[in-house]
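Below is one structure, written out as structure tokens; the observations come after it.
None of the figures in this text is laboratory data; all of them are computed from the coordinates on show. Since the model is a prediction, treat every value here as computed from it, not as a measurement. In this analysis, Cβ positions are derived from the backbone assuming ideal geometry, glycine residues included, and neighbour counts consider all displayed protein chains.
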Amino acid sequence: MDPPTRTYRLVGADGRHDASPTKGATGGNSGTRIFGRLDCPAALRAIERGGYVRQRVFFADPETAAQAGYRPCAVCMPDRYRAWKDGDRPDGSTVGRCPGRVGRGRTAAG
């Protein structure tokens, strides 16, 4: 009898989850909708604590993760995260910023 084959939740650009025998090149968390490298220190710490494994998903590449609506990890993908935060989107569009806002809901005046 063959041992059970491990399957991974591979997410496509359309956001649909499919079972796959390979885990893909990029990992993500379906709860937080964040993706990053498979060796991301933040993700590995969360996996060690056991609170992350049930939401773990995989993508073929970072572009597929972004197209599926996930954002880059600030820890292991700081350049992609900064671009995402500045409004760059995978389809080439940009998301405008409200001119009077600074940071999280604060205005320039305070």
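Could you check the spin-label model distance between S30 and H17? Points 7 Å from the Cα along Cα→Cβ, value in nm.
Label at S30, label at H17, 0.1 nm between them.
Any chance you could get the radius of gyration and Dmax over the Cα atoms of segment 1-79, in Å?
12.5, 47
Can you give me the relative contact order of segment 1-55 as a percent, contacts being Cα pairs under 8 Å and 6 or more apart?
Normalised by residue count, the contact order of segment 1-55 is 22 percent.
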